[in-house]
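Computed from the coordinates by the stated procedures, all read-outs in this text should not be read as laboratory data. On a predicted model such as this, the values are computed, not experimentally measured, just so you know. FYI the Cβ positions are ideal-geometry reconstructions off the backbone, even for glycines, and counts take in every protein chain you see.
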Amino acid sequence: MWCVYVLRSQKDRHRYVGMTTDVVQRLHEHNAGKVRSTKDRRPFELIYQESNYTCTQAREREKILKSVAGRRYLDEKIG
């Protein structure tokens, strides 16, 4: 089971959208500095997740959430 997750940087308050099969482990990797794209923005908090996707579905949903319409949706949903 794949899920799409949204993290918020406690440093700069920006969001990061990703996909994984283990959200807890992935959050740990982000906060440990093991993810190059987020290393300088640590620490992170998990603010949103959607699950029960196949890998392909999760990739498509991630792409949507990273779009302008997806950012608007997240603004309305979680602020």
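Structure above, values below:
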item	result
Estimated inter-spin distance, residue 1 and residue 20, nm [label 7 Å along Cα→Cβ]	1.6
Descending semi-axes in whole angstrom, ellipsoid equivalent of the chain, from the Cα gyration tensor	19, 16, 10
Where a label projected 7 Å from the Cα of residue 31 along Cα→Cβ would reach, residues of segment 41-79 with amide N under 11 Å	43-46
Qualifying lysines (Cα of each under 25 Å from Cα of residue 77; at least 8 residues distant if same chain)	11, 63, 66
Candidate aspartates and glutamates - alpha carbon under 17 Å from residue 39, same-chain residues fewer than 8 apart omitted	12, 29
Per-residue [θ]222 nm for the chain (sum of -39500 (n - 2.57) over DSSP H runs n ≥ 4, rounded to 500)	-11500 deg cm²/dmol
Sequence-separation-based contact order of the chain, relative, with Cα cut under 8 Å and 6+ spacing, percent	36
